[in-house]
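Read the structure below first, then the notes.
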Amino acid sequence: MAAKHNPGEPKDDASYTKGGSQANISLVVCFGEMLIDFVPTVGGVSLAEAPAFKKAPGGAPANVAVCISRLGGSSAFIGKLGDDDFGYMLADILKQNNVDNSGVRFDSSARTALAFVTLRADGEREFLFFRHPSADMLLHESELDINLLEQARIFHYGSISLIAEPCRSAHLAAMRIAKNSGSILSYDPNLRLALWPSADAAREGIMSIWEQADVIKISEEEITFLTGGDDPNDDKVVLKKLFHPNLKLLIVTEGSEGCRYYTKEFKGRVASVQVKPVDTTGAGDAFVGGILSSLAADTSVLKDEKRLREALLFANACGAVTVTERGAIPALPTREDVLKLLEEVLA
């Protein structure tokens, strides 16, 4: 006979009954854009010099959702795609990767977003976006899957969905629903300056929802941009200008160097896992997927520095595995991949 469970106490298993249906209490719901990246078939060239392009599924929030699922977690994606072959291909890729795509909507009046992306010989990434507007920008608040949002243990999003209406209003409504349902709000600004009307609009848009997030992941370049040129390595800058009173965890990613972390109680740095990089596309999203998969499994990691450092090392390894292969979603790791790399490195 099963032990009786007292209402209000967390269950030991990963699911519970909500509204008469089975709901996953470790669910991470990712919101925003999913698109097709076109990447050159050869490396180290500009977009103009590329002889041919290969299509690859992309979009930071979708990449995070797939990564969490690959790592053995539970994830869902909410967003809008074009009512076209690319849109249905992307929805199917989510399904193939065990990501709940019931929150995906299709728009017959706009195409699925496209982006041409290359890593030039000088190491700089070059982007060319086709969104005039694309379907992801046209998600309406009325199209949100409220049931899915209410089930989220973590609600994750970026800033690209804040650029234009009606998606901006849908984004703000989704945050409100998730927060009211007890979700942890996770924010990766994922600055793409070319998509914003101006640098000032980007800075203002990104910061407009800053203080609502519980967890923020930011890069060194984004710190410099958001603070108007301040030193991203200065803890005082980070703590004074970016660490707000409601924040539970602020993470600064440093690429191949690892990451820094800040909470109200402690701060520190976790070194990266060294590998030979082939393509850095998707590395940041894999890192986010890694840390969110740990937090979704047990949010008390936020209060325990030793366990937080272990979770961040795992996230660093997720990013490291991803850069050893081309593309974003195709290169995202399984839990076995990450543990194998850590075993090799720590041996």
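The values are calculated or read from the model by the stated rules, or taken from the named source; none is laboratory data. Keep in mind the model is a prediction, meaning the values are calculated, not measured. Here the Cβ is made from the backbone with ideal geometry for all residues, glycine too, and neighbour counts use every protein chain on show. We work out accessible area using only protein heavy atoms, side chains counted, and drop any ligands, DNA or RNA first. Shrake-Rupley method; radii C 1.70, N 1.55, O 1.52, S 1.80 Å.
I'd like to verify a number: residues in the range 204-227 that are free of Cβ contacts under 8 Å to residues at least 24 places away in the same chain and either of a type outside the set (A, V, I, L, M, F, W, C) or open to solvent by less than 10 Å² (accessible area, probe 1.4 Å) (or both), how many?
Counting residues in the range 204-227 that are free of Cβ contacts under 8 Å to residues at least 24 places away in the same chain and either of a type outside the set (A, V, I, L, M, F, W, C) or open to solvent by less than 10 Å² (accessible area, probe 1.4 Å) (or both) gives 3.
Of the residues that sit in the range 82-101 and are farther than 15 Å from C30 by Cα and of a type in the set (D, E, K, R), which one is most open to solvent (accessible area, probe 1.4 Å)?
Ranking the candidates gives D85 first.
Within the range 151-160, identify whether any single residue is modelled with pLDDT of 95 or more, closer than 25 Å to R203 by Cβ and of a type in the set (A, V, I, L, M, F, W, C), and answer yes or no. Give the steps one after another, and end with the answer.
We begin by selecting, within the range 151-160, every residue modelled with pLDDT of 95 or more; these are 151-160.
Now drop any that are not closer than 25 Å to R203 by Cβ, which leaves 155-160.
Subset that is of a type in the set (A, V, I, L, M, F, W, C): 155, 160.
Yes, that holds for at least one residue.
Check every one of the strands (runs of 3 or more DSSP E) wholly within the range 133-236 and list those with 2 or more residues that are touching a Ser or Thr at 6+ places or on another chain (Cβ under 7 Å) and closer than 23 Å to V28 by Cβ. Step through it out loud before you land on a result.
Values: elements: 154-157, 184-187, 215-219.
Hits in the range 133-236: 154-157, 215-219.
Check off (1) at pLDDT 95 or above; (2) among the basic types (K, R); (3) over 21 Å from F155 (Cβ atoms) for K80 and give me the number that stays unchecked.
(3)
Within the range 14-33, does at least one residue satisfy the condition of being within 16 Å of P330 (Cα to Cα), modelled with pLDDT of 90 or more and touching a Pro at 6+ places or on another chain (Cβ under 8 Å)?
Here is the first cut: in the range 14-33, the ones within 16 Å of P330 (Cα to Cα) are none.
Taking every residue of the range 14-33 in turn, none turns out to be within 16 Å of P330 (Cα to Cα), modelled with pLDDT of 90 or more and touching a Pro at 6+ places or on another chain (Cβ under 8 Å).
Does the range 102-116 hold any residues that are open to solvent by less than 70 Å² (accessible area, probe 1.4 Å) and modelled with pLDDT of 95 or more, and which are they?
So in the range 102-116, the residues open to solvent by less than 70 Å² (accessible area, probe 1.4 Å) come out as 102-105, 107, 110, 112-116.
Correct list: S102, G103, V104, R105, D107, A110, T112, A113, L114.
Would you check which residues across the range 56-88 are in a strand (DSSP E or B) and either of a type in the set (V, I, T) or free of Cβ contacts under 8 Å to residues at least 40 places away in the same chain (or both) and list them? Spell out the reasoning first.
Of all residues in the range 56-88, those in a strand (DSSP E or B) come to 56-58, 74-82.
The answer is I78, and nothing else.
So is A50 at pLDDT 95 or above and among the small types (G, A, S) or not? Write out each step before concluding.
Values: at pLDDT 95 or above: no; among the small types (G, A, S): yes.
Criteria not met by A50.
Taking the range 242-289 as the search range and keeping residues that are among the β-branched types (V, I, T) and not in a strand (DSSP E or B), which one is surrounded by the most Cβ atoms within 10 Å (Cβ to Cβ)? Before the answer, list the steps.
Within the range 242-289, the subset among the β-branched types (V, I, T) is 251-253, 263, 270, 273, 275, 278, 280-281, 288.
Checking the rest, the ones that are also not in a strand (DSSP E or B) come to 263, 273, 275, 278, 280-281, 288.
On the way: T263: 17, V273: 21, V275: 17, V278: 14, T280: 17, T281: 26, V288: 31.
Only one residue fits best here, namely V288.
Identify all residues within the range 306-347 that are touching a Lys or Arg at 6+ places or on another chain (Cβ under 9 Å) and open to solvent by 60 Å² or more (accessible area, probe 1.4 Å); write none if there are none.
Residues satisfying the conditions are R326, R335, D337.
Could you please give the count of residues in the range 111-126 that are within 20 Å of L90 (Cα to Cα) and either aromatic (F, W, Y) or part of a loop (DSSP other than H, G, I, E, B) (or both)? Outline the logic, then answer.
Step one: filter the range 111-126 for residues within 20 Å of L90 (Cα to Cα), giving 111-117.
Subsequent filtering for residues that are either aromatic (F, W, Y) or part of a loop (DSSP other than H, G, I, E, B) (or both) retains 111-113, 116.
Number of matching residues: 4.
Those residues that are part of a loop (DSSP other than H, G, I, E, B) and in contact (Cβ under 8 Å) with a residue 12 or more places away in the chain, I need them from the range 28-55; list them, please.
G32, E33, M34, T41, G43, V45, S46, L47, A50, A52 - these are the residues of the range 28-55 that are part of a loop (DSSP other than H, G, I, E, B) and in contact (Cβ under 8 Å) with a residue 12 or more places away in the chain.
Would you check which residues across the range 140-196 are free of Cβ contacts under 8 Å to residues at least 60 places away in the same chain, open to solvent by 10 Å² or more (accessible area, probe 1.4 Å) and in contact with a Lys or Arg (Cβ under 7 Å, 6 or more places away or on another chain) and list them?
The answer is none; no residue qualifies.
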